[in-house]
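A short worksheet on the structure shown next.
Computed from the coordinates by the stated procedures, all read-outs in this text should not be read as laboratory data. Here the structure is a predicted model, which means the values were calculated and not measured. Here Cβ is always computed from backbone atoms with ideal geometry, including for glycine, and neighbour counts include all displayed protein chains.
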């Protein structure tokens, strides 16, 4: 019994000795051998920092850089770690702020879920590299404050502001809907391509986990950086834009109000998309003076933020006549050699509508060449009135509307760009409401102005350029688009941009229309748009404007037999289409196809460059 008890005591003693030895060794390991444990012992908390990715670069079709990234610095602060006795005067002087600014930026509404006293928040954003350089030397004097690096956009070229767009800080609604992607203070594409391709351009944020001591100072990486993740840069994007053509278009349109859209017909790639007036995109880069620029541009009566290329809805005027001709040919109400007598006006009962003095329209080509109102009034009425054996203008108008929809009118084309408007193509339902049957209703003469692109019909400049594409391609278009490729070859452009959209008019019917558009340039209303050694096909338009000077419009493509560019130009309050729209379009075509303006046309360029139609210096 005593032997058993003695053995048990020895076993217990041995167990205690062994346990004590293990504890002593572990303490020695923690305190002497392994320094990380000693460091962790001093640390009272861990924290993580966002590591921001570089936003994807944007290039034009020739790989000219359009948007890059510049580093800026955000000053962050943890309220609980701020020394109340810090040298505020020095701090404010280094950052160029007042003490009132300091107090406002530091003392937040702590009931707001975005702010906590023990979590860092942005104290001052977008600090320049110069300011940061002087501030960081004294950063150690201001506990609780630290610096975070981010990238903001910079624009090597002062062009294409509407197309490229800009970025801004996320708002609360975006945080509510996309909180897994964005945090307060993050940037997001707000307009243009920056907005359209936000998902591809933004990249993916990384994270850095750190250990802090009881004073909030970083003392090392958490778990030796095992949880850290590197940011993934956004995709670089090559656009279809030709920035040299874009810059030249903006130069020619300076001092004017309107838009220019140029498209490569076979691909649907947008070569240039100009809205005037415009602004230098560098004015809206994220910096301390951005707010002043936004207020100034927003107050401008000419509305430089308004994108007239895709948002302004204009009556097309006579550039719409080729469409009426094509539908008439397709429906069999018009033949290439159809003759309509024009005495210089069109009459119906006691009403008359004017036309201009020109040679007899002996066929549709001649009617296009001299832009005969009478010819297209009659063609329009034939489409509306002859569609049914019994007189039902609603059926005829809806037939015409169905063709116009195939031409991409009356609805969004689907360009990869935010804010596109659908324009307006009035239907029989619209006119039945406007002219109720119990009050007499409506007939084809009631809406006759549609036949020459006036009245309630409205198109965007993008849609007008697409009409030129359809004629150039003899019956089809691809959805206009600005994307050409991404830096990741596995990501292709959307399939819808590669499909041909046929408008339902036989190819053979485009020949007399093109013949007429060539004659417009050679011996018609658009002779000023003629180019040496390049055959241009075009159509001028003068749009009636009850509120002032008529609008000038023009569509064209060239070379006529193998089109490389189709274009629409719309200049508000500029008079006839041959005065400004046609010469501007021709200069752009010449510049794109040859790289220069021929000596004999320099006077046209000079007049366009020197003319200001805005009434402002």
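Below is a table of values for the structure above.
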{"read-out": "Computed label-point distance, nm, for sites residue 298 and residue 88 using a 7 Å Cα→Cβ extension", "value": "3.0 nm"}
{"read-out": "Shape call, the range 342-476: gyration tensor on alpha carbons, a/c limit 1.5", "value": "oblate"}
{"read-out": "Computed Kirkwood radius, in angstrom, where 1/r is averaged over Cα pairs of the range 48-239", "value": "18.4 Å"}
{"read-out": "For the range 263-299 and the range 331-363, distance of Cα centres in Å", "value": "44 Å"}
{"read-out": "Most to least packed among 68-75, 572-579, 252-259 [average Cβ atoms within 10 Å]", "value": "252-259, 572-579, 68-75"}
{"read-out": "For the chain, calculated [θ]222 nm from helices alone, where every DSSP H run of n ≥ 4 adds -39500 (n - 2.57)", "value": "-9500 deg cm²/dmol"}
{"read-out": "Degrees between helix 321-331 axis and first principal axis of the chain (Cα, 0 to 90, nearest 10)", "value": "70 degrees"}
{"read-out": "Alpha carbon convex hull of the range 82-166, volume per residue in cubic angstrom", "value": "146 Å³"}
{"read-out": "Global geometry of the range 507-617, whether rounded, prolate or oblate, following the gyration tensor of its Cα atoms and the 1.5 cut on a/c", "value": "oblate"}
{"read-out": "Footprinting exposure proxy for 603, 353 (fewest neighbouring C-beta atoms within 10 Å first)", "value": "603, 353"}
{"read-out": "Proxy reagent accessibility, fewest Cβ within 10 Å first, across 340, 405", "value": "405, 340"}
{"read-out": "Highest-first arrangement of 406-417, 222-233, 320-331, where packing means the average Cβ count within 10 Å", "value": "320-331, 406-417, 222-233"}
{"read-out": "Against the rule of thumb 2.2 N^0.38 Å, how large the Cα Rg of the range 408-534 comes out", "value": "1.38"}
{"read-out": "Largest-first principal axis extents, alpha carbons of the range 243-610, Å", "value": "68, 48, 48"}
{"read-out": "Percentage relative contact order, the chain, counting C-alpha pairs under 8 Å, at least six apart", "value": "14 percent"}
{"read-out": "Packing-based ranking, highest mean first, of 361-367, 459-465 given that Cβ atoms within 10 Å are counted", "value": "459-465, 361-367"}
{"read-out": "Convex hull of the chain built on C-alpha atoms - directionally averaged projected area, nm²", "value": "45.4 nm²"}
{"read-out": "Separation between Cα centres of the range 46-87 and the range 185-202, rounded to whole Å", "value": "16 Å"}
{"read-out": "Gyration tensor verdict on the range 249-289 (Cα atoms; rounded if a/c is under 1.5, prolate if a/b is larger than b/c, oblate otherwise)", "value": "oblate"}
{"read-out": "Rounded tilt (10° steps) of 393-406 against the dominant C-alpha axis of the chain", "value": "50 degrees"}
{"read-out": "Cβ-based exposure ranking for 351, 145, in which fewest neighbours within 10 Å come first", "value": "351, 145"}
